[in-house]
Amino acid sequence: MIDIQIDFNHGAPLYFRNPVSIIQTEQPKEVEACIRQVQSAVDEGFYAAGYVSYEAAHGLRPELSVVGEYKMPLVWFGIFREPTTPPAKMGQAYHLSDWTFSTSAPDYKNNVEDIRRAIARGETYQVNYTMRMEAPFQGHARTLYEHLKRAQPGTYSAFLDTGQQQILSVSPELFFQKKGNHLRTKPMKGTIARGATKQADEYLYEELRHSEKDRAENVMIVDLLRNDLGVIAETGSVHTTDLFAIEAYPTVWQMTSTIDAELKQGIDFAEIFRALFPCGSITGAPKQETMKRIAELENNSRDVYCGSIGYITPAGDSVFNVAIRTAVVDSAKERITYGTGGGVTWDSTPQGEYEEAVLKSKIVTDLKTDFSLLESLRLEDGRYPFLARHCQRMQSSAARFQWSFSAENMQDVLLSFARKHPSGTYKVRLLYHPERGFSIEGAQIQEMSEPVAVELSAMPIAVNDPFSFHKTTARDVFAALHSRAAEDVFDILLYNDKDELLEFTIGNLVLDIDGAYVTPPVSLGLLPGVYRAYLLEQGIVKEQILSIADLEKADRVWLINSVRGWVEVSLKSL
C-alpha cells in the first residue's frame, strides 16, 4: 500500500494513502513530461507528494551528467484527493545489521585529492563528493524512520512507502518553498561535529562560525543558487538573508544561508525544477562541469539521495527538501542504502573530508534506537537535597538531544512523589522521554557495610560518544560489564584507552592522595555528577587526571553520587 508521511517545519504531519493515480518514469526523456502531469493534477485540485531522483537532472537538462545505471524511478509522485489520518501505532520491530561502505577509505581520499587537482587546473571550484553505505535490513522501515527522527530531528523529514521501496529522509535542508509567486531556498553548506561537553560545543560552534573554508563553500553555493534563481525570478527580486547562519542538530552544527525571490508570471513546476535541480549544495560549482566530475568518480547512482522529496497543494504552494540524510530500504532484497559525503574545495584535506563523511554517517551507524533521560535522586524526609541541580542537568541534556522539555513538569512529578513519601530515605528514579513523558519510581535506601567491593573494568571505554556526558538509559556497555563481574562486586571502575581513570557506572570517583581529594575531569568523557559538581564548588575535591597506577598511591578510594554521598570502596585487584 502506498503510504506517505511528510514532517516538514516541525508542523503537523501530512499523511497520504490510496492515491487516485501514480505518475512515474524511469526514462530521462519523460522526466519533464511527468512533472507537467503532476502540475496538471494539481491544477485540477489534487495534492501531489513524491520525489525526484538526482539522476532526473539529465532528463531536465541533457548537458548535466549522471551515472547511467540507476535503481529507482527518476520521478515518482502519488496524486491524492486530500491528506488522510495518521496510521495506527503498532510498535513493530526491525533488525539492522552492520554497515559497509561502497568506497574504501584510501579510494575516497585519493578521489578527494583528484578533485583538488581539478580545482588547481581551474576545472571546478567545489565538488560535493559522496559514497554509499549498505546493510542487511529486516522488519518495519517506518519504525526505523521514527527512530532516525528522534536521533536527528530534521526540519524536512519524510517517509515514503512506494511498495517495494521505503524512503526514510530526515533531511535538515530546504530545497525550495513556494507560496504564491514567492520562492525561498535555503542551502546548507558547512559542517562541524557537536561537542560532547557544553564548553566543547560552544568552541566548535565558534570554529564553524568563523571558518574561512566553510564560509567559502557556503558563499559559492549561494552564488550558484542566486544565478539559478535568476532564470525564473523577476529581475532584481533575488536577495540573500541570514548569510552564514548556524543551526544545531544532535551530532553536527550546520551553516546555512537563505535566498528569497519572486517568480516571473507563468512559471510552472517543470521550469522551477529545470532551473534549480539538483540543488547546488549537493553538486558544487560550476554545476555542469562538477556533475561530470561526480559521474566519473562515484561508482553508484545517487537515486533519491541528493534528489528532492516534497508535496504540492491544490493552491500550487509546495515544499521540497534536499534529500540528504536519506535511507532507502529495498524490502524484496532486504537491504538498506544510505549516502554520505561532503563538499571538497581547494582548502580540503583528504583525511578531513573522509572524517566528515564518516561523521555524517553516525546517524545510522551509531543509532541509539530508543532511550530516555535518567535522573537518580535522594529523597530524605520529603526533601530532595539537590533538586535544582538535577532539573538543570536533565534540561541541559534534553536541549542537547533537541527534545521538548518542561522543568516545571519535572518538578511537579518529583514533588508529587515527595508528598506521598514524607518520611524515610529513598532512591528516586526519574525517566523522561519526549513522547512518553515522565515516569517515576522509588525504593528505600538500604545501609551497606563499607568498604564495598569494586573491580576495574576488563577493557577500556570509548569516550568520544556524546552519551558519555548525559545520564540516559542507553547503558548497554555498562550492563555487559556487570554481567561479567563477580557476584560480590558492587560496581565497576572505568578507564579509557590511555589508562586514565574515568568514573564508576553509578557514580564518580574520588581518590585521597597525600591528603588531597582528587577526581578526574569531565573533559575525559564522563558524567558531570550532581554531587561531584557540588563538592568541586565547595572546594572539597579538585580535578586531576588520574591513571590506573594512581590507585596504588591512594590512601582511600570513594564512589560518590547524589543518592548515597560518599561510599568507600575496596578494589578487588589491579
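The values are calculated or read from the model by the stated rules, or taken from the named source; none is laboratory data. In this text the structure is predicted, and so the values were computed from the model without any measurement. With ideal geometry, Cβ positions are generated from the backbone for all residues, glycine too; neighbour counts draw on all protein chains shown.
Based on what the data block shows, is Gly266 on the phi > 0 side of the Ramachandran plot, free of Cβ contacts under 8 Å to residues at least 12 places away in the same chain and surrounded by fewer than 19 Cβ atoms within 10 Å (Cβ to Cβ)? Criteria met by Gly266.
Against the definition (among the charged types (D, E, K, R), surrounded by fewer than 24 Cβ atoms within 10 Å (Cβ to Cβ) and in contact with a Leu (Cβ under 8 Å, 6 or more places away or on another chain)), how does Lys149 come out, yes or no? Spelling it out, it is not the case that Lys149 is among the charged types (D, E, K, R), surrounded by fewer than 24 Cβ atoms within 10 Å (Cβ to Cβ) and in contact with a Leu (Cβ under 8 Å, 6 or more places away or on another chain). If the condition is being among the hydroxyl-bearing types (Ser, Thr, Tyr) and either surrounded by fewer than 22 Cβ atoms within 10 Å (Cβ to Cβ) or closer than 14 Å to Gly154 by Cα (or both), then segment 166-200 contributes Ser169, Ser171, Thr191, Thr197.
Pro460 meets the conditions (1) assigned to a loop (DSSP other than H, G, I, E, B); (2) free of Cβ contacts under 8 Å to residues at least 12 places away in the same chain; (3) not charged (D, E, K, R) in every case but one. The failed one is (2). Name the single residue that is surrounded by the most Cβ atoms within 10 Å (Cβ to Cβ) among those in segment 37-54 being farther than 15 Å from Ile309 by Cβ and not small (Gly, Ala, Ser). Of everything passing the filter in segment 37-54, Val42 is surrounded by the most Cβ atoms within 10 Å (Cβ to Cβ). Only one entry in Ile232, Ile246, Ile259, Ile294 is in contact with a Lys or Arg (Cβ under 9 Å, 6 or more places away or on another chain) and under 22 Å from Met72 (Cβ atoms), namely Ile294.
In summary, Ser348 fulfils each of the numbered conditions (1) touching a Ser or Thr at 6+ places or on another chain (Cβ under 9 Å); (2) farther than 17 Å from Leu148 by Cα; (3) modelled with pLDDT under 95; (4) crowded, with 18+ Cβ neighbours inside 10 Å with the single exception of condition (1).
The lone criterion from (1) of a type outside the set (A, V, I, L, M); (2) within 28 Å of Ala93 (Cβ to Cβ); (3) modelled with pLDDT of 95 or more left unmet by Arg436 is number (3). The set of residues in segment 532-561 that are surrounded by fewer than 21 Cβ atoms within 10 Å (Cβ to Cβ), in a helix (DSSP H, G or I) and touching a residue at least 24 places away in the same chain (Cβ under 8 Å) comprises Ala533, Tyr534, Leu535, Asp550, Leu551, Lys553.
Within segment 27-43, residues that are more than 27 Å from Glu82 (Cβ to Cβ) reach no partner that is part of a helix (DSSP H, G or I) and polar (S, T, N, Q) with beta carbons closer than 7 Å at six or more positions or on different chains. Residues that are under 30 Å from Lys362 (Cα atoms), surrounded by 14 or more Cβ atoms within 10 Å (Cβ to Cβ), assigned by TED's automatic domain parsing to the domain that holds Val329 and of a type in the set (Val, Ile, Thr) do not occur anywhere in segment 28-36. There is no residue in segment 190-201 that is of a type in the set (A, V, I, L, M, F, W, C) and closer than 28 Å to Lys178 by Cβ. Which of the residues spanning segment 1-26 are free of Cβ contacts under 8 Å to residues at least 40 places away in the same chain and crowded, with 23+ Cβ neighbours inside 10 Å? None - no residue of segment 1-26 is free of Cβ contacts under 8 Å to residues at least 40 places away in the same chain and crowded, with 23+ Cβ neighbours inside 10 Å, so the list stays empty.
May I ask you to say which residue of Leu367, Leu379, Leu359, Leu415 is more than 28 Å from Gly195 (Cβ to Cβ) and surrounded by fewer than 20 Cβ atoms within 10 Å (Cβ to Cβ)? Matching residue, one of Leu367, Leu379, Leu359, Leu415: Leu415. Residues that are closer than 17 Å to Pro520 by Cα and in a helix (DSSP H, G or I): does segment 488-502 have at least one? Looking for residues that are closer than 17 Å to Pro520 by Cα and in a helix (DSSP H, G or I), one finds none in segment 488-502, hence no. Could you check segment 424-436 and list, in sequence order, the residues that are of a type outside the set (Phe, Trp, Tyr) and either in contact with a Gly (Cβ under 7 Å, 6 or more places away or on another chain) or surrounded by 13 or more Cβ atoms within 10 Å (Cβ to Cβ) (or both)? Thr425, Lys427, Val428, Arg429, Leu430, Leu431, His433, Pro434 - these are the residues of segment 424-436 that are of a type outside the set (Phe, Trp, Tyr) and either in contact with a Gly (Cβ under 7 Å, 6 or more places away or on another chain) or surrounded by 13 or more Cβ atoms within 10 Å (Cβ to Cβ) (or both).
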